[in-house]
Every structure is written in structure tokens, then in C-alpha cells.
Amino acid sequence: MEPGTQFLLGSALRALHAANARKPFATDGPLSIASFAFGWPASELPTQHIAAYATTAAYGIGRGALSSKAGRLGLGLTAAAIAALWQEHRRMEEADAIVEQALVDALGEDYRHGSADTPMPPTASSHQIWPSKRVHRRYVHDERVIYGAHGRRTSLDVWRRRDLPEDAGAPVLVQIHGGAWVVGDQTVQAYPLMSHLVERGWVCVSATYRLSPKARWPAHIEDVKRAIAWTKQNIARYGGNPSWLAITGGSAGGHLVSLAALTPNDPQLQPGFEDADTSVDAAVPFYGVYDWTNRDGNGRNDLQGFLARVVVQRPLHEVGDVLEAASSISHVRADAVPFFFLHGTNDSLVPVAQARAMVEALRAVSHNPVAYAELVGAQHAFDMFGSPRTRAVVHGVERFLDRCRSSRVPNP
């Protein structure tokens, strides 16, 4: 294949890649997964992809690609792809303002006054492009700590600064991973957020839980609640303050943390540990699935079948009550703890309308703040990358939690 034609084909692929990063080709059905995988890295790391595109273009030109009409067309497509990703980069820079406005809307213009002190500046570890073993080794004090009766599937890692005193009384964050209730563990998500907070003097607990199809719902939420109970009972020996605990997680984790926060001490979800305290003081769900029933038609058309077949493991026509009870939106309450929801407009896997409906329902009844940042251009799982957008979100989450702490919002 002559260089110009080869360059044109590569440029066409780059153009499709950039176009999908700007606006996903599919948001429902099997193609949505491919659309997510194809566009996710480019949407969060556009400048790195621009550099790769430019390098590839220079290589093609060096091989004589511009000597043919096909090569010149390819150069135009590559230039268009670079321009699209530059626009994505500019759009990403809006995240600071979006997050700040979300906090002002929920907490008031003077919300920063009286916030809790932050003892240290952030470190470059919270800016890592991708979760790394080096960051894990630096901050994980104890790993694979067993909190339940199911071995590694009910285990957690404790993140803390090495010089944090044992009697520090530090605020605590529990992180619950995503993975569609079927994959994942505590070692791969929320590194930017947890490393930043640990440097600020927090103790973080990253927990995993039983997964389907081996486990059947509600095992997942039962394990999350048991992890909360374990943290409250044990975190003081790591320097944490068990009387103030926030919870966060993304995707399936966003569903689980919102449901846990809205059902504190519910004995039906705490079999065998009904008397344990599973309440939290604040919740920060990322791009979660808040309605398993799709009652408003704003969710995925294929979700209920998947949940019935794989997670609940009963015929779809028999699980209406289960899906209703498992939906966070079914449990909105006046005494809900403060919430900060975050979701991207370009989410290929969980429609942003899920977050909008959940926020609207909770704001209608809750006496506590309900913040919501809708991040223009952000994909699902955007916060796994240490991008400028993620850094804006990390700092915003810290400000939100600091305000909750300084306000001493009580448990329900």
C-alpha cells in the first residue's frame, strides 16, 4: 500500500476517534460499550492524543504521504481530528467553573468561610495520568484487610499518610468501586481523589464486595454496609475519626454509595449485623445508576434485562419489587445527608438523565444540601485519569466535604 493511501486510512481512523471523543456514537445497547472504550482516553487526555496525532502525521509526511491526493486528504483529516481534540481540551477547562458553581448553588456563595483547615498542599501523586502501583505503595498502609466472611471479595485497603499520628482523629472517606456489579476490586479506581485527600490528612478506605453472577443481589449492598460498619469500629487505630465518615464511588459504586447513604441502619440490608451503625455523614456518587426500574424512561433500555438475569438472577417479570427497592431514587428522604452528585454529559454507559432525575427527586425533599456538577464532555469513569477535569473535581469534592465537616451536619 502506497504511503498516501496508508496515511489516509490512519487519518480516517483518527478522525473517527476524535469525533467519538467529542460526541459518543452510541449511548445504548452493545455499541455503547465500544463507543465508551474507543472515546474514553481521548476525551480525558486530549493533549496527549494531539501529540500522538501530530507525531504520526509527521512520520507519514516524512515517508512521502503528501505526494498523493490521498495523503493530502489524510492530512486534512488529521488536522480536523487535532482541532476537535483541542476543542475538547478547551471544554475540559470549564470544569473548574462548573464545579465551583455547583457548590455555590448548593452551599451558598460564602460556603468557603469556616471550612475545615487543610494541613498540607496537594502532591503530584493526585495528578497521575493513570493509577499506578507506585501511588498504591506510597499510600496504602494495610491492604486486603478482611472485613467480612467471604475472603478477598470482602476485603479493603486502608490509605493513610505515613506520618499521620495514630490519634489524629482524621476525617474518613470510604470508596466503593464500580464495574457493573460484576467486575472490579478496590485497587483500580479513585486514585486521584484518595491520594489527594490522604495528603490533606484524611484516612481513606477502599473496599470491594461480592460480585455477580457468583453473588446475588442484595449481597453487594450488604457488603458495602458491612464495610462501613467495620470502618466505624476499626478506623481509630489508623488515625481516623469514626464519628465523621463520608462515602464515594462511581458507576455501580455510585449506585451502592447513594443507596447506602439513603438507607442508614436498615436491618433488612444488614442481615446478621442489624445493630451495627452504617450511617454516613456525606455522600459523593459519581455517574451512578440511581433507578433500576427506568420509571421515567431516561435509563438504558437493556439494563433491566441484565439486572434480572445476572445480578438479581430471577425472571424479569418477577423482579419489579426488587428493582424498585434497589433503586436509590426510591429512598429519597427529608433527613438525607448532604450529597454531591457528579456526571458527564458524554457518558456512554449511564445516561446523564439518571443523575438529573435523582438530583431533582432528592432536592424536592431533602433538608440538607444536594450539589450537582454536570461536566460538559466528560465520559463515564472520567475520574480514573489525572486530567485537568479530574483535578477540578477532586478539589471540588474536598471543598464540599470540608464544608460538611465544618457545618457539623448530623447523621439522620
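The values are calculated or read from the model by the stated rules, or taken from the named source; none is laboratory data. Every value quoted in this text rests on a predicted model; they were computed, and no experiment measured them. Methodologically, a virtual Cβ is constructed for each residue, glycine included, from the backbone with ideal geometry; neighbour enumeration extends over all protein chains shown.
How about segment 39-69: which of its residues are assigned to a helix (DSSP H, G or I) and buried (at least 21 other Cβ atoms within 10 Å of the Cβ)?
GLY39, TRP40, ALA42, SER43, GLU44, PRO46, HIS49, TYR53, ALA57, GLY60, ALA65
If I filter segment 176-189 for residues that are touching an Asp or Glu at 6+ places or on another chain (Cβ under 8 Å), assigned by TED's automatic domain parsing to the domain that holds ALA149 and without any contact (Cβ under 8 Å) to a residue 60 or more places away in the chain, do I get at least one hit?
yes
Any idea how many residues of segment 342-365 are farther than 15 Å from SER258 by Cα, in a helix (DSSP H, G or I) and in contact with a Ser or Thr (Cβ under 9 Å, 6 or more places away or on another chain)?
Going through segment 342-365 one residue at a time, the tally reaches 1.
Quick grid of which residues meet (1) surrounded by fewer than 18 Cβ atoms within 10 Å (Cβ to Cβ); (2) aromatic (Phe, Trp, Tyr); (3) at pLDDT 95 or above; (4) over 20 Å from ILE221 (Cα atoms):
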site	(1), (2), (3), (4)
ARG333	yes, no, yes, no
HIS343	no, no, yes, yes
LEU349	no, no, yes, yes
VAL359	no, no, yes, yes
ALA364	yes, no, yes, yes
HIS367	yes, no, yes, yes
VAL370	no, no, yes, yes
ALA373	no, no, yes, yes
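Of the conditions (1) among the polar types (S, T, N, Q); (2) part of a helix (DSSP H, G or I); (3) closer than 27 Å to GLU93 by Cβ, THR27 clears all except one; give me its number.
(2)
Only one of these is loosely packed, with under 15 Cβ neighbours inside 10 Å, at pLDDT 95 or above and more than 23 Å from THR390 (Cβ to Cβ): ALA83, ALA97. Name it.
So the residue among ALA83, ALA97 that is loosely packed, with under 15 Cβ neighbours inside 10 Å, at pLDDT 95 or above and more than 23 Å from THR390 (Cβ to Cβ) is ALA83.
Quick one: would you say ALA371 is in a strand (DSSP E or B) and more than 15 Å from the chain's Cα centre (by Cα)?
Answer is yes for this residue.
Any residue that is assigned by TED's automatic domain parsing to the domain that holds ALA190, surrounded by fewer than 24 Cβ atoms within 10 Å (Cβ to Cβ) and under 17 Å from the mean Cα position of the chain (by Cα) - is there at least one of those in segment 295-312?
Checked against the condition, which is being assigned by TED's automatic domain parsing to the domain that holds ALA190, surrounded by fewer than 24 Cβ atoms within 10 Å (Cβ to Cβ) and under 17 Å from the mean Cα position of the chain (by Cα), segment 295-312 yields no hits at all.
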